[in-house]
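Colleague: I have a structure here, written as structure tokens, and I will follow up with some questions on it.
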Amino acid sequence: MSFSAILEFTPWPTLSILILFIVAVFVLFLARDTAHQAIRTATSAIARGLRLASHSTTHLEARLATRNRDVLLAAGREAKERIIEREFERISDSVRKDLSNYPTLHRALSESIRRIEEDHQAAVDVPPEAPGWVRAVDAVSKMEGKNGAAAILEDIHKSLVKAHKEAMDTYREASSERHGLLRKMMPEWRVIKETLDRVMASVESLLNRATAIDRHMQDYQDIVRGHDRAVSTLSSSSVVQFFVSGLVLLIAIGGAAINFSLIARPMSEMVGGTSYIGSFRTADIAALVIIMVEISMGLFLMESLRITRLFPVIAALPDKMRVRMIWITFSLLTLLASVEAGLAYMREVLLQDELATGALLRGEDSGGLQNEYLWITTAAQMGMGFILPFALTFVAIPFETFVHSSRTVLGLCGIGLLRAVALFLRVLSNSFHHIGKLLERLYDLPLFVPLWLEKARAKAAADEERAREMVSVQEAQT
């Protein structure tokens, strides 16, 4: 039955609409309590469901935060262990180098000290013996003059002068010899000083590295204990490493694109320019596969050199097998780089052939200046084709950093997203309580007349009841 047919049950459509409105208001008024209860039940159920979803999202956020914290601490612990291991290796090398020279150093110091002691003993100034002439002169002076005392004293004076001259000559010779011995001691002192300076430099280097190890060990202990400061530091460091490694990877992608443009053109001559695999040319796929294989060989080379640690199986290989793998991957990488250099040369040859063909078709002379500087561009392209594969080898380092840091960065993004979803669900749950009250008010809006009458009747009944109570009170008082 259509709406127009419903309005035709009276001759006047306006009257029909009024009657239908009065009937609808009466029906809605009778079902008011049930409708309000249904609205409250529905909105409460939706609000409870949203609140439960918010609690579940918050719980999932807490689990993800705990997992991200564990991953962050594990990555930081592994990185710090590698740093501490490297510092211990450096100290071990320094100690081994210094202690291996210690016997020679000790022997050189002992010989220098022995020579210095010998020269020092030889350079000791021995005081001359006290002369015996004093007692002789005293005895002669007590003799009488007739006994020839003056002549004896004269002879003694001459002897004294002569002995003094000889003693002074001897003393000068001895002093000169002692000064020579002292001068011979100076090179030995310099040798000892240089040796001790080397020892001091080695000891200071060890002390500085020991201080660095103490600092790294303190950070390592904070990471093991899970301090918040260590987690915050690792988190900020991981975010920085993520963006830096991502930037380096973008640069590497640019280098790979240049490498692709060098070999895609000649590959079409090798595999056919009209061959397709799906919607892609076979030549492009072949060039891309060569670049991917080069990157894989570079990654395996870095793993074999233990610069990166993406594949624990390679790091756990015996040293002999690992060295063989280094040479195999390096040989394959060199072979692929040589192939790329040949393809780059072939690309330049094809380009020159096309230019010559185009000039010939236009009736121009192409034998003039087109080959004068051809060797420069050819050599440049061949050099780029040979160097770029080795340059792409080092992509393994930022790739490893990007992989490790992306776990924590994605975890942080997931935590932020779950936190936002939980907040949205909580706000939406609280909103449904007010939405239920709003729906009740909207339901009561067309029922304002019967609701007003009901309210007035209730007020009149309340006034009558209050008046009856007052009358009862007055009768009780009388």
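The values are calculated or read from the model by the stated rules, or taken from the named source; none is laboratory data. What you see is a predicted model, and the numbers here were worked out from it, not measured in a lab. Because the Cβ atoms are built from the backbone with ideal geometry, glycine has one as well, and the counts that use them run over all protein chains shown. The area values use the complete protein model at the heavy-atom level, side chains included, leaving out ligands, DNA and RNA. Shrake-Rupley method; radii C 1.70, N 1.55, O 1.52, S 1.80 Å.
Colleague: Give Val313, Val293 a once-over and let me know the one that is over 27 Å from the mean Cα position of the chain (by Cα) and part of a helix (DSSP H, G or I).
Modeller: Val293
Colleague: List the residue pairs whose Cβ atoms are under 7 Å apart, where the first residue sits in the range 419-438 and is at negative phi, the second is open to solvent by 100 Å² or more (accessible area, probe 1.4 Å), and the two are 6 or more positions apart or on different chains.
Modeller: Gly436/Arg40
Colleague: Sort through Val427, Val471 and tell me the only one that's in a helix (DSSP H, G or I), under 30 Å from Ala65 (Cα atoms), open to solvent by less than 100 Å² (accessible area, probe 1.4 Å) and not basic (Lys, Arg).
Modeller: After ruling out the rest, the residue left standing is Val427.
Colleague: Checking Pro389 against (1) under 30 Å from Val349 (Cβ atoms); (2) touching a Leu at 6+ places or on another chain (Cβ under 9 Å); (3) surrounded by fewer than 17 Cβ atoms within 10 Å (Cβ to Cβ), which single condition isn't satisfied?
Modeller: Single failed check for Pro389: (3).
Colleague: Filter the range 248-283 for residues that are under 27 Å from Phe394 (Cβ atoms), loosely packed, with under 15 Cβ neighbours inside 10 Å and not aliphatic (A, V, I, L, M); which is modelled with the lowest pLDDT?
Modeller: This residue is Ser261.
Colleague: Just to verify a result, which residue in the range 26-51, among those that are open to solvent by 80 Å² or more (accessible area, probe 1.4 Å) and touching a residue at least 24 places away in the same chain (Cβ under 8 Å), is nearest to Lys437 (Cα to Cα)?
Modeller: Arg40
Colleague: Residue check: is Val289 among the β-branched types (Val, Ile, Thr), modelled with pLDDT of 80 or more and over 30 Å from Lys80 (Cβ atoms)?
Modeller: Spelling it out, Val289 is indeed among the β-branched types (Val, Ile, Thr), modelled with pLDDT of 80 or more and over 30 Å from Lys80 (Cβ atoms).
Colleague: Quick one: what pairs do we get from the range 296-323, first residue surrounded by 14 or more Cβ atoms within 10 Å (Cβ to Cβ), second modelled with pLDDT of 90 or more and among the polar types (S, T, N, Q), C-beta under 6 Å, 6+ apart or different chains?
Modeller: Short answer, once both residue conditions are applied: Met297/Thr329; Phe300/Thr329; Leu301/Thr329.
Colleague: If you go through the range 241-298, how many residues are in contact with a Ser or Thr (Cβ under 6 Å, 6 or more places away or on another chain) and among the small types (Gly, Ala, Ser)?
Modeller: 4
Colleague: Now a separate question. Being part of a helix (DSSP H, G or I), open to solvent by 60 Å² or more (accessible area, probe 1.4 Å), closer than 30 Å to Glu78 by Cβ and basic (Lys, Arg) narrows it down to one of Arg407, Arg466, Arg441, so name that one.
Modeller: The conditions single out Arg407.
Colleague: Another question, then. In the set Ser54, Ser16, Ser94, Ser4, which member is of a type in the set (Ser, Thr, Tyr) and modelled with pLDDT of 80 or more?
Modeller: Ser54
Colleague: From (1) basic (Lys, Arg); (2) within 34 Å of the chain's Cα centre (by Cα); (3) farther than 26 Å from Gly411 by Cα, pick out the condition that doesn't hold for Arg265.
Modeller: Single failed check for Arg265: (2).
Colleague: Among the residues of the range 225-246, are any free of Cβ contacts under 8 Å to residues at least 60 places away in the same chain and within 21 Å of Leu392 (Cα to Cα)?
Modeller: Yes - at least one qualifying residue is present in the range 225-246.
Colleague: Pairs needed: first member in the range 198-211, within 12 Å of Ile91 (Cα to Cα); second member anywhere, surrounded by 11 or more Cβ atoms within 10 Å (Cβ to Cβ) and hydroxyl-bearing (Ser, Thr, Tyr); C-beta distance under 9 Å; at least 6 residues apart or different chains.
Modeller: As it stands, the answer is Ser202/Ser94; Ser205/Ser94; Leu206/Ser94; Arg209/Ser94, since those pairs meet every condition given.
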